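**Student:** Got a structure for you, questions after.
The values are calculated or read from the model by the stated rules, or taken from the named source; none is laboratory data. Note that the coordinates shown come from a computational prediction; the quantities given were computed from them, not determined experimentally. We place every Cβ from the backbone using ideal geometry, glycine too, and count neighbours over all the protein chains shown.
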Amino acid sequence: MQVYEEKYFKIFIVDENVQFRNTLASRLRLQGFSVEFATGGFHLLHILEKHKDCSLVIMHEDMLDMSAEEIISLVRTTKNKTDLPILFISHGGNEEEICEMIFNGANEYIIKTENFQPIVDRAKKYFTLLKNS
């Protein structure tokens, strides 16, 4: 098993659901990733403003303080898709929502299941892309 211990690759999980956030973080940390949390849109924007070491954002649907679409749009005012990939996780999967999120700046759209492996695989993909650039 490859361990992804690179100090410059930090993942931020944006989710108000503590159980989902902690489980996903545990799965990512088992792979050697550095993981931090943001509890909402304003919190994420504050973190990104103060800390320049964020390499990947994993966001799960709307937050209480703002919609996921708004969060992604605001992040994209300062960071492009290459500089800061965003994975959007949703319960849904209708074409309109998928297209809207990708159009607004999400790099990928993942339908939420009990299996966290697709999310971990995407984190590995972006780690490899960043490491090789």
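**Student:** Would you point out the residue of the range 21-41, among those that are under 18 Å from Asn115 (Cβ atoms) and either among the polar types (S, T, N, Q) or touching a Ser or Thr at 6+ places or on another chain (Cβ under 6 Å) (or both), that is surrounded by the most Cβ atoms within 10 Å (Cβ to Cβ)?
**Tutor:** Gln31
**Student:** Only one of these conditions is not met by Glu70: (1) closer than 24 Å to Ser133 by Cα; (2) modelled with pLDDT of 90 or more. Which number is it?
**Tutor:** Evaluating Glu70 over (1) closer than 24 Å to Ser133 by Cα; (2) modelled with pLDDT of 90 or more leaves (1) as the failure.
**Student:** Within the range 1-108, which helices (runs of 4 or more DSSP H) (wholly inside it) include 3 or more residues that are over 19 Å from Arg122 (Cα atoms) and in contact (Cβ under 8 Å) with a residue 24 or more places away in the chain?
**Tutor:** Counting at least 3 such residues, we get 41-50, 68-75.
For (1) at pLDDT 90 or above; (2) crowded, with 17+ Cβ neighbours inside 10 Å; (3) over 16 Å from Glu70 (Cα atoms), each residue gets a yes or a no:
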position	(1), (2), (3)
Phe88	yes, yes, no
Ala106	yes, yes, no
Gln117	yes, no, yes
Tyr126	yes, yes, yes
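**Student:** Moving on to the next point. Can you tell me which residues in the range 90-103 are surrounded by fewer than 19 Cβ atoms within 10 Å (Cβ to Cβ) and either closer than 16 Å to Leu45 by Cα or not acidic (Asp, Glu) (or both)?
**Tutor:** Of everything in the range 90-103, those that are surrounded by fewer than 19 Cβ atoms within 10 Å (Cβ to Cβ) and either closer than 16 Å to Leu45 by Cα or not acidic (Asp, Glu) (or both) turn out to be His91, Gly92, Gly93, Asn94, Ile98, Cys99, Ile102, Phe103.
**Student:** Assess whether Ile110 counts as being touching a helix residue (DSSP H, G or I) at 6+ places or on another chain (Cβ under 7 Å), modelled with pLDDT of 95 or more and either over 24 Å from Thr23 (Cβ atoms) or among the β-branched types (Val, Ile, Thr) (or both).
**Tutor:** Considered against the rule, which asks whether it is touching a helix residue (DSSP H, G or I) at 6+ places or on another chain (Cβ under 7 Å), modelled with pLDDT of 95 or more and either over 24 Å from Thr23 (Cβ atoms) or among the β-branched types (Val, Ile, Thr) (or both), Ile110 comes out as no.
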